[in-house]
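Working notes, structure below.
Just so it is clear, none of the values below were taken in a lab; they were calculated from the coordinates. None of the values given here were measured: they were computed from a predicted structure. Positions of Cβ are generated from backbone atoms using ideal geometry, with glycine treated the same way; all protein chains shown enter the neighbour counts.
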Amino acid sequence: MRRIVLDTETTGLDPEAGHRIIEAAALELVDRRLTGAAFHRYFDPERDIEAAAERVHGMSYADLANQPKFGDFADELLAFLDGAELIIHNAAFDLAFLDAELERCARPRLSGRHPVLDTLDLARRRHPGQRNSLDALCLRYGVDGSRRTVHGARLDAELLAEVYLAMTGGQTRMDLAPAAVRGGRVRREKSPALRVVRATAEELARHEARLDQLDRAAGDVCVWRRDEADDGQG
């Protein structure tokens with residue numbers, strides 16, 4: 001199934017108050033693998049950016065004044081999303097902004113046209129009472145979020161893709177190696193060989209002496225030695 005991991009950055013919190021999208025990123029997943037196909041654009045929001053929002057993503061209006069308008073790339077975005085399930089963290093927020101932008105340029109809304117998996121809702125069901133921000137989920141699932149010093153739609157979509165795969169894939173093998181994100185995928189370093197510690201001859205002798213004491217106390221062969229005999233027949 002084709003899925004699209006989607007994220008946006010905005011000038012503020014409320015599209016009904018006229019706030020706009022300044023960055024949108026969408027990454028394609030097919031058969032649970034990032035294909036490398038992506039949509040990523042910055043936009044001139046045609047308005048100021050709230051100070052609180054600027055602290056989150058680090059972008060000022062001066063950084064964006066020469067970027068294209070959202071309407072210039074609305075058709076390209078819709079074509080990229082066509083037919084896909086959308087994976088979004090806190091989907092209501094991003095969809096409200098995207099719908100507002102699409103309505104502004106006379107394009108169809110996304111809401112109701114795509115199946116949507118909200119990873120925030122999924123995380124709340126799986127981890128009730130815990131923090132379920134993207135940063136918290138990266139930490140919980142071993143996804144390297146150290147590059148995320150500020151929010152950015154492209155980076156956040158890459159991290160969310162890894163978190164989604166970890167949340168929905170389950171553990172398929174024992175892997176103690178540290179994880180690192182390279183090119184948008186979690187890659188694990190080679191695991192060190194497990195150290196095997198064997199009993200010394202002195203320790204084995206003390207063990208046998210202890211079993212002899214158990215034999216005498218029980219007046220029979222102790223359970224440990226009977227189990228060893230049974231294992232030897234297997």
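What's the exposure ranking of M59, M167, going from fewest to most Cβ atoms within 10 Å?
Starting with the residue having the fewest Cβ neighbours, the order is M167, M59.
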> About its Cα centre, how strong a charge dipole does segment 23-94 have in debye, to the nearest 20, once Lys and Arg get +1 and Asp and Glu get -1 at the Cβ?
Replying inline: 220
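Using the 10 angstrom Cβ neighbour count as an exposure proxy, how do C105, C138 rank, fewest first?
Fewest-to-most Cβ neighbours within 10 Å comes out as C105, C138.
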> When you count, for each residue, the other Cβ atoms within 10 Å and take the mean per peptide, how do 68-81, 153-166, 13-26 rank with the highest first?
Replying inline: 153-166, 13-26, 68-81
> Working from the pairwise distances between different alpha carbons, so that the mean of 1/r is found and then inverted, what is segment 1-59's Kirkwood radius in Å?
Replying inline: 12.7
> Using unit Cβ charges (K, R positive; D, E negative) and no other charged atoms, how large, in debye to the nearest 20, is the dipole of segment 2-188 about its Cα centre?
Replying inline: 1040
>> Test of understanding: ordering T10, T119, T149 by Cβ neighbours within 10 Å, fewest first, what list do you get?
In response: T149, T119, T10
>> Take A17 and D215, extend 7 Å from each Cα along the Cα→Cβ direction, and tell me the distance between the two endpoints in nm.
In response: 8.3
